[in-house]
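A.B. asks: Provided herewith is a single structure, encoded as structure tokens, for subsequent inquiry.
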Amino acid sequence: MWNGDYIFLLRNMIVKDFKIRYRNMSLGVFWSLLNPLVMMGVLTFVFTRIFPNNQHKDFAVFVLCGLVPYNFLSVAWNSGTTSIMNNAGLIKRVPVPREVVPIAAVLSNCVHLGIQILLLLVATIAFGNGINIHWLWLPLVWALEIVFVCGITLVTSAFDVYIRDMRYVVESSITVMFWLVPIFYGFEIIPQQYRDVYQFNPVAALVLCLRNILLEARSPNAETLLKLMLVSVGTFIIGWGIFGKMKQRFFDYL
Amino acid sequence: MNIIELDNVSKSFHRAAGRQLLRNHVSRWLGYKTPEPFFAIKNVSFKVKPGETVGVIGANGAGKSTLLSLVTGLTPPCKGRLEVNGRVAALLELGCGFHPDLTGRENVMLNASLLGFKRKRAEDLYENIVDFSELQDVMDEPLRTFSTGMNMRLAFSVAVNLDPEVLIIDEVLAVGDRAFQEKCVEKIFEIKNQGKTIFAVSHAAGAIQHLCDRALWLDHGELVMDGNCREVLHAYEGHVTSPGKHKHS
């Protein structure tokens, strides 16, 4: 029925989400710098002064490699999950393709993500790690995280319509993820038997790839990349399918 | 070719659909109770040809809004066949996609894209929309600074200027002050005279009397009468003033 201009629609939806988030904020986009900087400071303080840990040089950058992907997951997944409910008015009145709503919610966070990635790169260089050829992997691994987050958001936003508790499930999962993603610990201290499972978490895999590229100046492990790609793209396809099934009754339940 | 065609269409809602508690889900999965369905639209059939102006009347809860949701493709019918050809511009709820923190211009663009317009086309139509609304000076201000009347004027201007093939009007035919209301009515008649299809819904007979050639009367989800606007309205008004006399057939 609806055969409009997807790019134009997506662009307008992203602008809307972005503007709403920053209405009346004097610091505006600076919040996306402040949050990871404060977290980086706190975690660095805790893990170099309270629990001294000498395994990792440049602990601040090491932590930041974990924080930036985690922050994106946390903010984008959370806001994406409630996006259908928050746009109930649109869903009930306009026959737009429903997929656009959660995907726009996730993509509108990419502006922050861009700023935070920039912060990460600046920090990497400031701590004396140079630019290397393996940086060419960065666009791919970041794109895969975005694809993954879009996938899970499609699922949880659709479930949130039928089961409104979904947002709390997501919130709790995000808290759990803070510990299960190697943010303030390294991959090598994870016992061997868990490592393979760990890499199936795309966020953990991304953190690993980032540390390989930025701190160790080597290209990410092929197996990790493959898992990252499989799980991200797979999640997106499955998410798209589930959403497509569930969207037909959104109208009745909103 | 018919622009809208409904063949024995029914739409039911489950009464318990609003309750989302775990125990409701569990008992439904286990099959202890199936919530009783409630038919908002029951076995409705009609066809609308291009260029027709059709009014739908009925009391509150007669199924008018559900019928519009079906026609605009917001929800699929439970039974029956429904076909709509051509782009439908819904005036379902004026300014439903508007957001107070976006500027007038951003809201117009957002609304146009929601209704399926290409960027180029939306930009071409932008001038017409602003001219019609007479809000040139404030289009770069956030919508929250607009008065209610200005808001409605902008929403109406967007809806009528987007050049739909089928214009759907839900209750609201005219907004704003007296002068602007006349302009709205004039614009709708202009659309009608261009040979566009109009599908208008109202509980007030007066609103559609002048505009529509044909009327459909809905009552409790069923199509009671379909025919010449004057005759249907006459019968409807007779029914409203003395409900006992009319026999549902």
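The values are calculated or read from the model by the stated rules, or taken from the named source; none is laboratory data. Computed from a predicted model, the values in this text were never measured in an experiment. Positions of Cβ are backbone-derived with ideal geometry, glycine not excepted, and every protein chain shown enters the neighbour counts.
A.B. asks: Name the residues in region A:131-180 that are within 14 Å of another protein chain (Cβ to nearest Cβ) and assigned to a helix (DSSP H, G or I), would you? Before you say what the answer is, go through the steps one by one.
C.D. replies: From region A:131-180, those within 14 Å of another protein chain (Cβ to nearest Cβ) are A:158-169; that's our starting set.
Of everything in region A:131-180, those that are within 14 Å of another protein chain (Cβ to nearest Cβ) and assigned to a helix (DSSP H, G or I) turn out to be A:Ala158, A:Phe159, A:Asp160, A:Val161, A:Tyr162, A:Met166, A:Arg167, A:Tyr168, A:Val169.
A.B. asks: Still on this structure, please answer the following. Within region B:158-176, is there a residue that is in a helix (DSSP H, G or I), more than 23 Å from B:Phe117 (Cα to Cα) and at pLDDT 80 or above? Quick ask: steps written out before the conclusion?
C.D. replies: Applying the first criterion (in a helix (DSSP H, G or I)) to region B:158-176 yields B:158-161.
Filter once more, keeping what is more than 23 Å from B:Phe117 (Cα to Cα): none.
Looking through region B:158-176, none of the residues is in a helix (DSSP H, G or I), more than 23 Å from B:Phe117 (Cα to Cα) and at pLDDT 80 or above.
A.B. asks: Sort through A:Gly41, A:Gly4, A:Gly28 and tell me the only one that's more than 30 Å from B:Leu162 (Cα to Cα), among the small types (Gly, Ala, Ser) and within 14 Å of chain B (Cβ to nearest Cβ).
C.D. replies: It is A:Gly28.
A.B. asks: Are there helices (runs of 4 or more DSSP H) fully within region A:9-106 with at least 2 residues that are without any contact (Cβ under 8 Å) to a residue 60 or more places away in the chain? List them.
C.D. replies: Details: elements: A:31-45, A:59-81, A:83-86, A:88-93.
Per the criteria, A:31-45, A:59-81, A:88-93.
Listed here are the residues, each with its yes/no results for (1) small (Gly, Ala, Ser); (2) more than 20 Å from A:Leu10 (Cα to Cα); (3) touching a residue at least 60 places away in the same chain (Cβ under 8 Å); (4) surrounded by fewer than 22 Cβ atoms within 10 Å (Cβ to Cβ).
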{"residue": "B:Gly51", "(1), (2), (3), (4)": "yes, yes, yes, yes"}
{"residue": "B:Thr75", "(1), (2), (3), (4)": "no, yes, yes, yes"}
{"residue": "B:Lys118", "(1), (2), (3), (4)": "no, no, no, yes"}
{"residue": "B:Gln136", "(1), (2), (3), (4)": "no, yes, no, yes"}
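A.B. asks: Shifting gears a bit: Within region A:181-240, count every residue that is outside any helix (DSSP H, G or I), out of contact with any Gly (no Cβ under 8 Å at 6 or more places or on another chain) and within 15 Å of A:Leu64 (Cα to Cα).
C.D. replies: Kept after step one, since they are outside any helix (DSSP H, G or I), are these residues of region A:181-240: A:181-186, A:190-191, A:200-201, A:215-221.
Filter once more, keeping what is out of contact with any Gly (no Cβ under 8 Å at 6 or more places or on another chain): A:185-186, A:190-191, A:200-201, A:215-216, A:218-221.
Filter once more, so that each one left must be within 15 Å of A:Leu64 (Cα to Cα): A:185-186, A:215-216.
Total meeting the criteria: 4.
A.B. asks: Here's a follow-up. Return a yes/no flag: does region A:18-36 have any residue that is within 21 Å of A:Ile84 (Cβ to Cβ) and under 19 Å from the mean Cα position of the chain (by Cα).
C.D. replies: To start, the set of residues in region A:18-36 that are within 21 Å of A:Ile84 (Cβ to Cβ) comprises A:18-21.
Still in the running and under 19 Å from the mean Cα position of the chain (by Cα): A:18, A:21.
Yes: one or more hits.
A.B. asks: Just wondering, is there one or more residues in region B:222-240 that are modelled with pLDDT under 85, surrounded by 15 or more Cβ atoms within 10 Å (Cβ to Cβ) and part of a loop (DSSP other than H, G, I, E, B)?
C.D. replies: Checked region B:222-240: no residue is modelled with pLDDT under 85, surrounded by 15 or more Cβ atoms within 10 Å (Cβ to Cβ) and part of a loop (DSSP other than H, G, I, E, B).
A.B. asks: Please pick out the residue among A:Pro69, A:Pro36 that is modelled with pLDDT of 90 or more, more than 11 Å from chain B (Cβ to nearest Cβ), more than 28 Å from B:Gly97 (Cβ to Cβ) and crowded, with 18+ Cβ neighbours inside 10 Å.
C.D. replies: Numbers: A:Pro36 fails: modelled with pLDDT of 90 or more.
Within the list A:Pro69, A:Pro36, the selection yields A:Pro69.
A.B. asks: Still on this structure, please answer the following. Please work out which residue is surrounded by the fewest Cβ atoms within 10 Å (Cβ to Cβ), limiting yourself to region A:86-109 and to residues that are hydrophobic (A, V, I, L, M, F, W, C) and modelled with pLDDT under 90.
C.D. replies: From region A:86-109, those hydrophobic (A, V, I, L, M, F, W, C) are A:88, A:90-91, A:94, A:96, A:100-101, A:103-107; that's our starting set.
If we keep only those that are modelled with pLDDT under 90 as well, we get A:88, A:90-91, A:94, A:96.
Numbers: A:Ala88: 15, A:Leu90: 20, A:Ile91: 22, A:Val94: 21, A:Val96: 23.
Here the residue is A:Ala88.
A.B. asks: In this structure, does A:Leu113 turn out to be of a type in the set (A, V, I, L, M, F, W, C), surrounded by 16 or more Cβ atoms within 10 Å (Cβ to Cβ) and in contact with a Cys (Cβ under 8 Å, 6 or more places away or on another chain)? Break it down stepwise before answering.
C.D. replies: Working: of a type in the set (A, V, I, L, M, F, W, C): yes; surrounded by 16 or more Cβ atoms within 10 Å (Cβ to Cβ): yes; in contact with a Cys (Cβ under 8 Å, 6 or more places away or on another chain): no.
Criteria not met by A:Leu113.
A.B. asks: OK, next. Take region A:212-254 and flag every residue that is within 14 Å of chain B (Cβ to nearest Cβ) and small (Gly, Ala, Ser).
C.D. replies: Filtering region A:212-254 down to residues within 14 Å of chain B (Cβ to nearest Cβ) leaves A:244-254.
Passing the criteria: only A:Gly244.
A.B. asks: Of the residues B:Glu165, B:Glu182, which single one is surrounded by fewer than 22 Cβ atoms within 10 Å (Cβ to Cβ) and more than 16 Å from the chain's Cα centre (by Cα)?
C.D. replies: Details: B:Glu165 fails: more than 16 Å from the chain's Cα centre (by Cα).
After applying the criteria, what remains is B:Glu182.
A.B. asks: While we're on this one: Which one of B:Gly104, B:Gly61, B:Gly73 is farther than 18 Å from A:Ala88 by Cα and at pLDDT below 85? Outline the logic, then answer.
C.D. replies: Values: B:Gly104 fails: at pLDDT below 85; B:Gly73 fails: farther than 18 Å from A:Ala88 by Cα.
None of the others qualify; the one that does is B:Gly61.
A.B. asks: Starting from residues that are under 18 Å from A:Arg164 (Cα atoms) and surrounded by fewer than 24 Cβ atoms within 10 Å (Cβ to Cβ), keep the ones in region A:72-82 and report whichever is farthest from the other protein chains (Cβ to nearest Cβ).
C.D. replies: A:Asn78
A.B. asks: Among the numbered criteria (1) touching a residue at least 24 places away in the same chain (Cβ under 8 Å); (2) more than 10 Å from chain A (Cβ to nearest Cβ), which single criterion is violated by B:Asp131?
C.D. replies: (1)
A.B. asks: Let me ask something else about it. Check region B:191-201 and report whether any residue there is in contact with a strand residue (DSSP E or B) (Cβ under 8 Å, 6 or more places away or on another chain), in a loop (DSSP other than H, G, I, E, B) and among the aliphatic types (A, V, I, L, M). So that I can check it myself, show each step before the final result.
C.D. replies: The first filter runs over region B:191-201 and keeps only residues in contact with a strand residue (DSSP E or B) (Cβ under 8 Å, 6 or more places away or on another chain), leaving B:191-192, B:196-201.
Filter once more, so that each one left must be in a loop (DSSP other than H, G, I, E, B): B:196.
From the residues that got through so far, the ones that are among the aliphatic types (A, V, I, L, M) too are none.
No, region B:191-201 contains no residue that is in contact with a strand residue (DSSP E or B) (Cβ under 8 Å, 6 or more places away or on another chain), in a loop (DSSP other than H, G, I, E, B) and among the aliphatic types (A, V, I, L, M).
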